[in-house]
Amino acid sequence: MAIRTLAVAAMLVVTGFSAPAAFAEKYASIVIDKDTNEVLHARNADDPRYPASLTKVMTLYMLFDAINAGDVSLDEKLTVSRFAASQAPSNLKLKPGSTISVSDAIGALVTKSANDVAVVVAERLGGSESRFAQLMTVKAKSLGMQNTRFVNASGLPDDRQITTARDLAILAEAMIDDHGESYHHFSRPRFTWAGKTYKNHNELLDTVDGVDGIKTGYTRASGFNLMTSAKRDGHRIVAIMLGGSTSKSRNAHVEALVEAAFKSYELPADPMDPSRRLQIAFSEFNTTTVNPNGAAVPMLNGKPLGALQPTTTTLRGLTAVPKTPEPKVEQTVEVAEVAMEPDEETAEDASEILMADAGQTADETVEFEQGDATPTSFVGATVVIPAGRPAFTVGEYEARQFGN
């Protein structure tokens, strides 16, 4: 059961994350040894945060529950309602009345992070998305996620939908333990639908040894989030980071957390100070700086946007180490190069944020990790509920989870 048994049970009073929130307030991280339950590193791990598309890990957990229970099959066709089709990007642009198989729904959620598909699944399992969100919250509590509340199945912005880094680590562990036979979906490199192929947003799958899952997420309110797990030399770790300023800085930060975790296993244990090896392995993350949450500050090439200097840095944690400044005569040229660097990933991040600020357009050409827009309201509209009863009612689910 590992970290689930250590879930924080204290009630958190959430006063809200009303914009404009400081980027540093979004940052949180935790790294655990899944097998021994040891917390290797934690920062702001119990502070309330927005999960963004990490929400879909719970949606998939519920879907895998239903598949294992025999309530849903992989080849079942799920009908798309008008409400599901109305969801903001990221989406597959599904049409009302069309269908998608459960197997394709899994692929779309893992790779494309499709919000319309999340609602399709929610309506199949709960009858409506709001009702399904109640089931998600009940399930979360039963797993030990005491500080998590879901109000939608996608992670689209809602101030009421909150979690913590520690709770998300519990969810990652539960997915691996309870649905190990389905965990392989999270390492899927790509998904094809309607002639288009979508690449998995989790780039650590290709770049970091041992990483085999699981999910990215992004909204303006949350910042760039990542839940990942890696296995090396008989050790499996789970790492959560929330609140990155770009996907690039988030990926570099989580990679550094993963490498520090595996480095800690190579260090000799100190009988007089068992925590010493972790202090050494994670030393770069524990350094007190003017801004200890540097990884969550708006960055450009490793420098805070508000204090851009004509030097370059390496962002591998919470602190940046500047190089020796170039002679003043070259400063203007170097700053221009920093601002204009043709970094494809940085450009994509900027496009995501700018498109989200502007809202949906008729021609959505930008790929989102998680669209940041208010879902269209269909008050009074007829929502098409797929044929067949929901897999379970709220009461049945509570009874199943808690033995009532």
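The values are calculated or read from the model by the stated rules, or taken from the named source; none is laboratory data. Since we're looking at a predicted model, the values are computed, not measured. When we count neighbours, we look across all protein chains shown, and the Cβ atoms used for this are built from the backbone with ideal geometry, even at glycine.
Do we find that Leu135 is surrounded by 24 or more Cβ atoms within 10 Å (Cβ to Cβ), out of contact with any Ser or Thr (no Cβ under 8 Å at 6 or more places or on another chain), in contact (Cβ under 8 Å) with a residue 24 or more places away in the chain and of a type in the set (A, V, I, L, M, F, W, C) in this structure? Outline the logic, then answer.
Numbers: surrounded by 24 or more Cβ atoms within 10 Å (Cβ to Cβ): yes; out of contact with any Ser or Thr (no Cβ under 8 Å at 6 or more places or on another chain): yes; in contact (Cβ under 8 Å) with a residue 24 or more places away in the chain: yes; of a type in the set (A, V, I, L, M, F, W, C): yes.
In short, yes.
May I ask you to verify whether Arg250 is under 15 Å from Ala28 (Cβ atoms), at pLDDT 90 or above and in contact with a Phe, Trp or Tyr (Cβ under 7 Å, 6 or more places away or on another chain)?
Working: under 15 Å from Ala28 (Cβ atoms): yes; at pLDDT 90 or above: yes; in contact with a Phe, Trp or Tyr (Cβ under 7 Å, 6 or more places away or on another chain): yes.
For Arg250, the condition - under 15 Å from Ala28 (Cβ atoms), at pLDDT 90 or above and in contact with a Phe, Trp or Tyr (Cβ under 7 Å, 6 or more places away or on another chain) - is met.
Let me spell it out: the conditions are (1) among the charged types (D, E, K, R); (2) touching a helix residue (DSSP H, G or I) at 6+ places or on another chain (Cβ under 6 Å); (3) free of Cβ contacts under 8 Å to residues at least 60 places away in the same chain, and Asp206 meets all of them except one. Which number is the exception?
(2)
Can you tell me which residues in region 217-240 are among the aliphatic types (A, V, I, L, M) and either part of a helix (DSSP H, G or I) or under 10 Å from the mean Cα position of the chain (by Cα) (or both)?
Those that are among the aliphatic types (A, V, I, L, M) and either part of a helix (DSSP H, G or I) or under 10 Å from the mean Cα position of the chain (by Cα) (or both): Leu226, Met227, Ile240.
Among the candidates Asp75, Asp104, which residue alone is assigned to a loop (DSSP other than H, G, I, E, B), among the acidic types (Asp, Glu) and touching a residue at least 12 places away in the same chain (Cβ under 8 Å)? Before the answer, list the steps.
Values: Asp104 fails: assigned to a loop (DSSP other than H, G, I, E, B).
Every option except Asp75 fails the conditions.
Assess whether Gly243 counts as being in contact with a helix residue (DSSP H, G or I) (Cβ under 7 Å, 6 or more places away or on another chain), under 22 Å from Asp46 (Cβ atoms), outside any loop (DSSP other than H, G, I, E, B) and modelled with pLDDT of 90 or more. Before you say what the answer is, go through the steps one by one.
Values: in contact with a helix residue (DSSP H, G or I) (Cβ under 7 Å, 6 or more places away or on another chain): yes; under 22 Å from Asp46 (Cβ atoms): yes; outside any loop (DSSP other than H, G, I, E, B): yes; modelled with pLDDT of 90 or more: yes.
Yes: the conditions hold for Gly243.
Of all residues being in contact with a strand residue (DSSP E or B) (Cβ under 9 Å, 6 or more places away or on another chain), basic (Lys, Arg) and surrounded by fewer than 24 Cβ atoms within 10 Å (Cβ to Cβ) in region 212-251, which is nearest to Asn200 (Cα to Cα)? Just the residue, please.
Taking the candidates together, the pick is Lys248.
From the residues in region 147-197 that are on the phi < 0 side of the Ramachandran plot, among the small types (Gly, Ala, Ser) and in contact with a helix residue (DSSP H, G or I) (Cβ under 8 Å, 6 or more places away or on another chain), which one is surrounded by the fewest Cβ atoms within 10 Å (Cβ to Cβ)?
My answer is Ser187.
So which helices (runs of 4 or more DSSP H) are wholly in region 127-214 and hold at least 1 residues that are under 24 Å from Glu259 (Cα atoms)?
165-178, 204-207
Look through Ser73, Ser98, Ser103, Ser86 and report the one residue that is at pLDDT 95 or above, surrounded by fewer than 22 Cβ atoms within 10 Å (Cβ to Cβ) and touching a Leu at 6+ places or on another chain (Cβ under 7 Å). I'd like the intermediate steps shown before the answer.
Numbers: Ser73 fails: touching a Leu at 6+ places or on another chain (Cβ under 7 Å); Ser98 fails: touching a Leu at 6+ places or on another chain (Cβ under 7 Å); Ser86 fails: touching a Leu at 6+ places or on another chain (Cβ under 7 Å).
Unique residue meeting the criteria: Ser103.
Which residues, counting only those in region 165-192, are in contact with a Leu (Cβ under 7 Å, 6 or more places away or on another chain), closer than 16 Å to Gly217 by Cβ and small (Gly, Ala, Ser)?
Ala165
Condition test on Ala239, is it free of Cβ contacts under 8 Å to residues at least 60 places away in the same chain and not aromatic (Phe, Trp, Tyr)? First the steps, then the outcome.
On the way: free of Cβ contacts under 8 Å to residues at least 60 places away in the same chain: no; not aromatic (Phe, Trp, Tyr): yes.
No: the conditions fail for Ala239.
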